[in-house]
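Participant: Let me begin by handing over the structure; questions about it come next.
The values are calculated or read from the model by the stated rules, or taken from the named source; none is laboratory data. What you see is a predicted model; the values in this text were computed from it and never measured. Glycine gets a Cβ as well: all are built from the backbone with ideal geometry, and neighbour counts include every protein chain shown. Please note that ligands, DNA and RNA were not included when accessible areas were found on the heavy atoms of the full protein model with its side chains. Shrake-Rupley method; radii C 1.70, N 1.55, O 1.52, S 1.80 Å.
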Amino acid sequence: MPPLTALIKKDFPKLYLDSHAQHGDETVSIKRAGMLELFLFLKDDPRCKFDMMIDLTAVDYLPRSPRFEMVYHFKSSPLHHRLRVKIPLEESACQVDSIEPLWVAADWYERECWEMYGIDFQGHPNLKFLLRYEGFQGHPLRKDYDKLLMQPLVPMRPVAERHDYGEVFQYVQEPPPSVPEQEPS
Amino acid sequence: MGLKFPSAESFVTSRLDEVINWSRKFSLFQYPFVTACCGMEFMAVYGPHYDGARFGSEIPRFSPRQADLLFVVGTVNHKMAPILKRVYEQMAEPKWVIAFGACASSGGFYQNYSTVPGIDRILPVDVFIAGCPPRPEAVLDGIIQLQKQIQDKDSGPSGFSGINPRQTKEELLLSRE
């Protein structure tokens, strides 16, 4: 078993789910509960020393359950090794703990991931829109977001017949009313 | 011996709007609205090698109030669309718009939640320049085509009547309010 995987399996047996390694790079799947302890261990332990958070994103495997998977990439600049950590997430509970307190670099990555996939990062200090605009509904990188659905901020003009395939896009011009109006009794 | 200069009796006849259109078409001050990689090609056009200034579209103006020609160069997304529309509205009439490259003309290869499928969904456009990015020759051809449009129109795009034929009826009514 590769060294980092063995280390995690030995010290965090309750978190460990799965692992594989390819070309010397290791991947570990872990459970969500208690993830921050593992990340603190990865950052501070002298055998790990992962001082650099390279990337953080999510993957949407739509028909599968658990639907989402968080993917973290770490690099250790003193020890020259890398590690990939995956956390499967159910759609009903797609929330993880924010790692922004450990690696400041995770700040904008988590904001982007929150916007695009709708995954809640608990404990993030500034979870607000980074790429999307105010009034945008839905999470555009989810697999069930219609790829032709646009939410324009200015009304779209009618154009001359330069498309012979007709109108393919759909528009959301106004947000749908959230509360249905009740008839006066 | 000696040249005979035109005497005081000589005169040239022309229509007033032809003279005005002629002067307009050779003094196109552009506002470069550059958002993406097409900007590199735009710089090539206005650099010394291709020298767009030869065609009378001389100086880039970075204030829309001073510009006649809006160059939309590159991808425009929905977050940017209100800004582009505002820049266009701030330009003084007469004004013209060129969609530079595939993304500005049609959205290019983007077909997703974020990209405007052609800036003619937001603004009236006079000339579309194809290419990803367009060659500088194509851009110069686009400028020449725009100059032809300006010269051939009876009174320019908005001209003396104040009616911009590229506007839709609703936009016209809105501008009259």
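Participant: Please verify whether A:E115 is open to solvent by less than 50 Å² (accessible area, probe 1.4 Å) and within 26 Å of A:F136 (Cβ to Cβ), treating the condition exactly as stated.
Facilitator: yes
Participant: I'd like to check something: does segment A:93-101 contain any residue that is farther than 17 Å from A:G123 by Cβ and either part of a loop (DSSP other than H, G, I, E, B) or free of Cβ contacts under 8 Å to residues at least 24 places away in the same chain (or both)?
Facilitator: Looking through segment A:93-101, none of the residues is farther than 17 Å from A:G123 by Cβ and either part of a loop (DSSP other than H, G, I, E, B) or free of Cβ contacts under 8 Å to residues at least 24 places away in the same chain (or both).
Participant: Is there a residue in segment A:113-131 that is modelled with pLDDT under 90, over 22 Å from the mean Cα position of the chain (by Cα) and more than 14 Å from every other protein chain (Cβ to nearest Cβ)?
Facilitator: Scanning segment A:113-131, I find no residue that is modelled with pLDDT under 90, over 22 Å from the mean Cα position of the chain (by Cα) and more than 14 Å from every other protein chain (Cβ to nearest Cβ), so the answer is no.
Participant: Of all residues in segment A:65-92, count the ones that are in a strand (DSSP E or B) and either open to solvent by less than 50 Å² (accessible area, probe 1.4 Å) or farther than 20 Å from A:D18 by Cβ (or both).
Facilitator: Number of matching residues: 15.
Participant: Taking the stated definitions as given, is A:D60 more than 25 Å from A:D144 (Cα to Cα) and modelled with pLDDT of 90 or more?
Facilitator: For A:D60, the condition - more than 25 Å from A:D144 (Cα to Cα) and modelled with pLDDT of 90 or more - is not met.
Participant: Would you confirm whether any residue within segment B:80-88 is at pLDDT below 90, open to solvent by less than 60 Å² (accessible area, probe 1.4 Å) and of a type in the set (G, A, S)?
Facilitator: No, there is no match, as no residue in segment B:80-88 is at pLDDT below 90, open to solvent by less than 60 Å² (accessible area, probe 1.4 Å) and of a type in the set (G, A, S).
Participant: Oh, and also: Can you confirm whether A:K49 is among the basic types (K, R), open to solvent by 20 Å² or more (accessible area, probe 1.4 Å) and within 15 Å of the chain's Cα centre (by Cα)?
Facilitator: Judged against the criteria, A:K49 is not a match.
Participant: Ok, one more. Restricting the first residue to segment B:85-98 and requiring it to be within 12 Å of chain A (Cβ to nearest Cβ) and closer than 16 Å to B:L146 by Cβ, which pairs with a second residue that is open to solvent by less than 50 Å² (accessible area, probe 1.4 Å) and basic (K, R) meet a Cβ separation below 9 Å and a spacing of at least six or different chains?
Facilitator: Within 9 Å, the pairs are B:Y88/B:K95.
Participant: Going through B:V19, B:V45 one at a time, which residue ends up being at pLDDT below 85 and either closer than 20 Å to B:G131 by Cβ or assigned to a helix (DSSP H, G or I) (or both)?
Facilitator: Exactly one of B:V19, B:V45 is at pLDDT below 85 and either closer than 20 Å to B:G131 by Cβ or assigned to a helix (DSSP H, G or I) (or both), namely B:V19.
Participant: Tell me which residues, restricted to segment A:102-112, are part of a loop (DSSP other than H, G, I, E, B) and open to solvent by less than 40 Å² (accessible area, probe 1.4 Å).
Facilitator: Of everything in segment A:102-112, those that are part of a loop (DSSP other than H, G, I, E, B) and open to solvent by less than 40 Å² (accessible area, probe 1.4 Å) turn out to be A:L102, A:W103.
Participant: From the set of residues in segment B:100-155 that are within 9 Å of chain A (Cβ to nearest Cβ) and of a type in the set (G, A, S), which is most open to solvent (accessible area, probe 1.4 Å)?
Facilitator: Here the answer is B:S106.
Participant: Report yes if A:L153 is more than 8 Å from chain B (Cβ to nearest Cβ), modelled with pLDDT of 85 or more and part of a loop (DSSP other than H, G, I, E, B), otherwise no.
Facilitator: For A:L153, the condition - more than 8 Å from chain B (Cβ to nearest Cβ), modelled with pLDDT of 85 or more and part of a loop (DSSP other than H, G, I, E, B) - is not met.
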